[in-house]
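I have placed the structure first, in the form of structure tokens, so that the comments after it can refer back to it.
Rule-based calculations on the coordinates, nothing more; no lab input. Model, not experiment: these values are computed from the prediction. Cβ: placed from backbone, ideal geometry, glycine included. Neighbour counts: every protein chain shown.
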Amino acid sequence: MNNYLSDKILLCEDDPVLRHNITNLLEMEGFHVYQASNGMEAQQLLNAKRVALILSDWAMPIMDGIDLLKFAKSDPNTSHLPFIFLTAKSAIEDKLTALNLMADDFITKPFSLQELVLKCRNAIENRKRIVKSNISQSDDTNYLSRDQKFLNQIKDFINIHLSNENLSLDDFGKEFPMSISSIQKNIKRICGKSLFQLILETRLIKAKTMIEADTAPISEVLYQCGFNNHNHFTKKFKEHFGILPSKMKKNEKSSIS
């Protein structure tokens, strides 16, 4: 269950009782759920929050699920997100309409709770595999795609400047022959993350490696990885890996002994 602690789902459902019940179920499974009662509220949340999946009813007031789907798939910041309809509509014409607009799946009301959880989990994990495949490094750089080469160059630059807590967009603009907005858009398109999310993830992965290797005290590791605040580092580490850095160090020592 810990593998899903950082996965966030946007649930859009106008029935408050059903919305509450689904939220409780998903959160019991380790997901974090943002709730919206119509497509307009969901659109506002998508502009403010980072989620891994959209789970939406079809028929809703103000903005329905189809309009929400159109918005999500037309915005480059959300077009990669799995979109699952939770709906009483079962006619083939309705499904074809949604599929033509790039809906990923359907869960028909009334539904199985187990089916709901598994479809959400599978959709998120399948998306992760695609992202991981896109950013994996090949042993032979001659066969790396242009996107992979670009992403590797970005990650190499981050690693070189990992201890620089003030690493900024301007630093990337000086290093790479393109505008800052182009750098950000390309990173988002390739791996579904913002540049700052990629920087944070790289810092955290390096910190985890150092903690596991016991190369330095955690108080030094966080500064070497570009964090200047222990509480901030601990919070972000726990959000990403589902465990406190201090607990990880204890677990490593226990496994060795």
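Arranged from highest to lowest average of other beta-carbon atoms within 10 Å per residue, in what order do the peptides 35-42, 77-84 appear?
Most protected by this proxy first, the peptides run 35-42, 77-84.
Please compute the modelled spin-label separation between Ser74 and Asn21, points set 7 Å along Cα→Cβ, answer in nm with one decimal.
Reported label-point gap for Asn21 and Ser74 is 3.4 nm.
Please sort 194-205, 153-164 by packing, taking for each peptide the average over its residues of neighbouring beta carbons within 10 angstrom, highest first.
194-205, 153-164
Does a label point 7 Å from the Cα of Met178, set along Cα-to-beta-carbon, have any residues of the range 66-100 with amide nitrogen under 16 Å, and which are they?
What the label zone holds, given the 16 Å backbone N cut-off, is 76-77.
Straight-line reach from Lys89: which aspartates and glutamates fall under 12 Å, measuring Cα to Cα and dropping same-chain residues less than 8 apart?
The reachable aspartates and glutamates, counting only those whose Cα sits under 12 Å from Lys89, are Asp57.
Can you compute the FRET efficiency between Asn47 and Leu101 using 1/(1 + (r/R0)^6), with r the Cβ-Cβ distance and R0 = 22 Å? Round to the nearest 0.05.
Here the calculated transfer efficiency is 0.65.
Please check which bits of the range 153-169 a label hung off Gln224 would reach, taking the label as a point 7 Å along Cα-to-C-beta and the cut-off as backbone N under 20 Å.
156-167
Provide the gained length on full extension for the span Met28 to Asp170, in nm with one decimal, where the gain is 0.36 nm per separating residue minus the Cα-Cα distance.
Details: separation 142, 0.36 × 142 = 51.12 nm, distance 4.23 nm.
Extra length from Met28 to Asp170 when fully extended: 46.9 nm.
Gain in length, Gln197 to Ile243, computed as 0.36 nm per residue apart minus the alpha-carbon separation, to one decimal in nm? List each step's numbers first, then the result.
Values: separation 46, 0.36 × 46 = 16.56 nm, distance 1.90 nm.
Result: 14.7 nm gained on full extension.
State, to one decimal in nm, how far the label point of Glu93 lies from the label point of Lys185, with both points 7 Å from Cα in the Cβ direction.
3.9
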